[in-house]
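Trainee: Got a structure for you, written out below as structure tokens; questions coming shortly.
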Amino acid sequence: MKLFLIGWSGKDFGLAEVARRLQNTGHKIIYWTCSDKEINLVDFPDTIFHKHLDALEGRPAPALLNEKFNPPGEELLHNLSKTESTVITMMNKHFENWQVEERKHFYRHYVGYWHHILTKFKPDAVIYPTIPHTVYDFVIYSLAKLLNIKNIMFEQIWIGDRMIWAYDFQTGFPLLKDKISKNKNENFNSKDLDGDFRKEYELQNEPGKDATPAFVKYFKSRFSGKNLISLKLKIILTSIKDRSFLWRVAVFINKFFGENLVKEYRLVRVYPDFSKKFVYFPLH
């Protein structure tokens, strides 16, 4: 099969090794967006690599700099009208200072680029390590659906190495849905849990044990202490090199003194009364 790997990054999570095994079993990895520097490009001589940040900011893959990308037509934009609405809101994540018209213009650039890529290389499937949510990958997901290209996405449940998969996040995870339907009238208790599920249950219920999920530990390590200082220094050096330093400083100041998510949150938050019964329902 001809495959696209989108957002397929994370050496610590074994994603590069998965790509290597896919290739060794006869699959062709045509296109790969990632942020890892640990990937040995020599192992994938026929793959077009595209840095995640370049894809997010609308820069083409280096191997395709001489390609001509036509703007999307009226019919294509009409068919993706729901995607446009979603992506414009998603841009709050990285393009928070852009006005609506700027976002629309950039969205059309995304559509033109990725429609060209998908129709040129015609992958059999596009694979994501999680549900597409990083602006450009959601555009790819929507275009693939429109072009009848199979989307495959995973969601880690953070118990051992277990994952669940889906073709469409809106319709859900088929195997999980089947199991829920099959077992809806069954009664289970902790003794029915096997192996890693039993261990996870016991960990979560044993006082004094550190039950922090692995990915939380990973990000805490990456964005604290020496690692955080190193990351910030790289950002500063890069911004000096590409002459974006003053702009980034202005954005940084605006995040603290202008409108931001923290201030918005504080306007609507309320303090719960824990003496009353409640349901804890966390959202991203």
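The values are calculated or read from the model by the stated rules, or taken from the named source; none is laboratory data. The structure presented is a predicted model; accordingly, all values stated were derived computationally and were not measured. Neighbour counts run over all protein chains shown; Cβ positions are idealised from the backbone, glycine included. Only protein heavy atoms, including side chains, enter the accessible area calculation; ligands, DNA and RNA are left aside. Shrake-Rupley method; radii C 1.70, N 1.55, O 1.52, S 1.80 Å.
Trainee: Whole number in Å², please: accessible area per residue of the chain, 1.4 Å probe, ligands, DNA and RNA not counted.
Mentor: 72 Å²
Trainee: With respect to the cross-link table entries Lys145/Lys179; Lys28/Lys122; Lys182/Lys277; Lys2/Lys68; Lys199/Lys276; Lys184/Lys277, which display a Cα-Cα separation exceeding 20 Å?
Mentor: Exceeds cut-off: Lys145/Lys179; Lys182/Lys277; Lys2/Lys68; Lys199/Lys276; Lys184/Lys277.
Trainee: Looking at the chain only, what percent of DSSP beta bridges run antiparallel? Nearest 5 please. Could the numbers behind the result be given before it?
Mentor: Working: 5 of 20 bridges.
Once the DSSP bridges in the chain are tallied, antiparallel ones form about 25 percent.
Trainee: Mind checking the dipole of the chain: about its Cα centre, +1 per Lys or Arg Cβ, -1 per Asp or Glu Cβ, Debye to the nearest 20? Could the numbers behind the result be given before it?
Mentor: Working: 42 positive and 33 negative charges, 102 e Å.
For the chain, the charge dipole is close to 500 debye.
Trainee: What's the longest piece of the chain with no exposed GluC sites (Glu not before Pro), counting a site as exposed if DSSP puts it in a loop and it has at most 13 other beta carbons within 10 Å?
Mentor: The longest uninterrupted stretch comes out as 68-185.
Trainee: Right, here's the next one. State the extension gain, in nm to one decimal, for the chain segment bounded by Arg21 and Lys232, taking 0.36 nm per residue of separation less the distance between their alpha-carbons.
Mentor: That pair, Arg21 and Lys232, stretches by 72.5 nm at full extension.
Trainee: Using the Karplus curve 6.51 cos²θ - 1.76 cosθ + 1.60 with θ = phi - 60°, work out ³J(HN,Hα) for each residue of the range 150-157 in order, rounded to whole Hz, and write x for Gly and Pro.
Mentor: Going residue by residue, I get 5, 9, 10, 10, 10, 9, 6, 9 Hz, with x marking Gly and Pro.
Trainee: So, in nm, how far is label Asn254 from label Ile131 when the simple model puts each one 7 Å beyond its Cα toward the Cβ?
Mentor: About 2.9 nm, to one decimal.
Trainee: Still on this structure, please answer the following. Report the gain in length on full extension from Gln156 to Glu75: 0.36 nm times residue separation, minus Cα-Cα distance, nm rounded to one decimal.
Mentor: Values: separation 81, 0.36 × 81 = 29.16 nm, distance 3.64 nm.
Extra length from Gln156 to Glu75 when fully extended: 25.5 nm.
Trainee: Continuing with the same structure: Based on a Kirkwood Rh over C-alpha pairs, give the Stokes-Einstein translational diffusion coefficient of the chain at 20 °C and viscosity 1.002 mPa s in µm²/s.
Mentor: In µm²/s, the coefficient rounds to 96.
Trainee: Related question: Using only C-alpha atoms and all pairs of different ones, pull out the Kirkwood radius for the range 1-121 in Å with one decimal.
Mentor: 15.9 Å
Trainee: A further question on this structure: Taking the range 201-284, which chymotrypsin sites (Phe, Trp or Tyr not before Pro) meet the DSSP loop condition and have no more than 15 other C-beta atoms within 10 Å?
Mentor: Of the chymotrypsin sites (Phe, Trp or Tyr not before Pro), the ones in loops of the range 201-284 whose Cβ has at most 15 other Cβ atoms within 10 Å are Phe223, Phe274, Phe278, Tyr280.
Trainee: For the chain, give the percent of accessible area contributed by carbon and sulfur heavy atoms, probe 1.4 Å, rounded to a whole number.
Mentor: 57 percent
Trainee: What's the ranking of 85-92, 112-119 by average number of surrounding C-beta atoms within 10 Å, highest first?
Mentor: Values: 85-92: 15.9, 112-119: 19.5.
In decreasing order of mean packing, 85-92, 112-119 become 112-119, 85-92.
Trainee: Find me the longest stretch of the chain that has none of the exposed trypsin sites (Lys or Arg not before Pro), where exposed means in a DSSP loop (not H, G, I, E or B) with at most 15 other Cβ atoms within 10 Å. Mind dumping the intermediate values first?
Mentor: Details: sites that count: Lys37, Lys68, Lys93, Arg162, Lys184, Lys209, Arg243, Arg269, Lys276, Lys277.
No qualifying site falls inside 94-161, the longest such stretch.
Trainee: Can you give me the long-range amide H partners of Ile29? Hydrogens built in the peptide plane at 1.01 Å from N, cutoff under 5 Å, separation of 5 or more residues or another chain.
Mentor: Those qualifying (amide H under 5 Å, at least 5 residues apart or on another chain) are Leu3.
Trainee: To the nearest 500 deg cm²/dmol, what mean residue ellipticity at 222 nm is calculated for the chain from DSSP H runs of n ≥ 4 alone, each contributing -39,500 (n - 2.57), summed and divided by the residues?
Mentor: Value at 222 nm, helices only: -14000 deg cm²/dmol.
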